[in-house]
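In what follows, a structure is listed as structure tokens, so that the remarks can point back to it.
Since every read-out is calculated from the coordinates, none of them should be taken as a lab result. All of these numbers come straight from a predicted model, not from anything done at the bench. Backbone-built Cβ (ideal geometry, glycine too); neighbour counts: all protein chains shown.
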Amino acid sequence: MSAYPARSLSRVLDDFGPTLLDLLYGAPEAAAELGGVGIHDPYDEQHYPDNALVLGVGVQGAEQVAGLLRELAGRAAALVVRGPVADARVLEPVVAETGVALLALTRGASWAQLAAMLRTLLAEGDFGGADEQTLGGVPSGDLFALANAIATLLDAPVTIEDRRSRILAFSGRQDEADAARVESILARQVPERYLRIHEEHGVFARLYRSEGPVHVPAPTFGDEVALPRVAIAVRAGDEILGSVWAALREPLTPEREQAFREAAGLAALHMLRFRAGTDAEHRLRADLVATALEGGAGATEALGRLGLRDEPILVMAMGLDPAPGERGAAGEEGEDHARVTAERQRLASALALHLGAVRPRAAVALLGEVAYALFPVSGDPAAARERAVQVAANFLRRTGDRGGAVIGIGSLAQEPAALARARANADRALRVLSEGRTGKQVASIADVYTDALLIEMRDLAAAHRDELSGPLARLAAYDARNNAHLVETLRAWLDAFGDVVAAAASLFVHPNTFRYRIRRVSEVGRLDLSDPSERFALMLQLRLTGRYDGPQGGRRGAGGGPAEAAPALGPSSG
């Protein structure tokens, strides 16, 4: 923890540098207490707080920076500009002249992220405390230390929970509580049966309406023995951040109730600090991973900050493949969006933990609906891919089937510029797995390359609004009119390499019946089945329309079977 006051420039650099900020020139220890954060806008009149930390968004080049430094002289403590700054050496005398320190925001970090974190840090100076490094004598943002402090005040084991009743932190002495509390600690989530009974009895409604402690009688579930609870909401203004729960063996005295009220106010400050730090770290890591995956000019620097410079990297892409029945009649609109989002975040965090144990420098970030991992490898590329597939498969085995996750692995990126292609190939492999074309949960693009090409060809045909055409169209039309099975017969014959006995057995018909049908296939479709080019064209069309997929082929629909394939593939013709 920093030894500097919260509202000092030295504290800002101590907390945020060099991850977010680098000091280019100036003496931070000489700066007075910061008055707040200001954002420079060249097209508007500026009203900065006294001794402000100014964010120079869009200020580029030594000339612009020097002009702004002179403009801020006597008004600001420091100026932050996007790094790197060209010809930065010429700015050193300007900094000495104006007394305004010059800081650089490292590439990959966002201005919004920096502004939010600065305001959170500087706000701590508004709160009194026994120590500048603490809030109420507890290390800032340390929710476990806070839980232990509250437990000491109440003489009862305590949990700190978020709005979804997930356990953020807990005190010691949980063995003095009951089985439900122990179950909550182990799962880091209050059991569903207790949440239901709390909702039925209006506990959460009273909790979030009340400014003080809410007493909750012990619920009964068969032979389970539970202790009464007392809970209090944790607020920051009008926002409910969560709640603190204590398991009681004896009622609280009036003095302890008052201490609980005061502790809730302190908990709000700690939870804000904890959330700001955690969110900022996740956002920065996501920004760095996203910058690296773009493969552009900033990829090398982003990889350096992630500790992955000059290493071959495999990109993993993890997505959720919702199990049958999880989609409502309206598709995506029928899903429980909050549940799916929470599950994605849970799996992304678990993947980061798993890969960190295997490759400590691996970086994971949830970007939209996909969690991407930068997985450093060494040695032979084929062996590296096999190792990555094994690591990913081990992870999914440990998480079980509840998440329904699939992981696609892209091509090997030997240099930063190749990361964009590696990501694209990871996305291609992920799409194949998500459509259920292989029945696998993990695959590299090398393993599913043909399936990926077929999907892309299908997309192209759909984009061109192509329709089923040629011999296959004639066979499908004949089947529709006569309730025949000519397309099915053709597929079985192609699958069996022309072996009539094996093909007939696959359809459970007599070989003579099958021979008759295959002759009708040639007649109706006007086909020459002895022509290898014609056979290849038929096999390709069958696969692109989904008529070649087995029981696991095609996108799973609501009932788990193959979904309707695109009626594509070829220009409209007879």
Quiz item: Where the centre of each part is set by its Cα atoms, how far does the range 360-385 sit from the range 164-216, in angstrom?
Solution: 38 Å
Self-check item: Phi to ³J(HN,Hα) by Karplus 6.51 cos²θ - 1.76 cosθ + 1.60 over the range 473-482, Hz, x for Gly, Pro
Solution: 5, 5, 5, 5, 5, 5, 4, 5, 6, 10
Self-check item: For peptides 49-58, 191-200, 473-482, sequence by mean Cβ density within 10 Å, most packed first
Solution: 49-58, 473-482, 191-200
Quiz item: So how compact is the range 464-544: Cα radius of gyration and Dmax in angstrom?
Solution: 12.3, 41
Quiz item: When V225, V100 are ordered from fewest to most other Cβ atoms inside 10 Å of their Cβ, what list results?
Solution: V225, V100
Quiz item: Per-residue HN-Hα couplings for the range 420-429, Karplus 6.51 cos²θ - 1.76 cosθ + 1.60 at θ = phi - 60°, whole Hz, x for Gly and Pro?
Solution: 4, 5, 4, 5, 4, 5, 5, 5, 5, 5
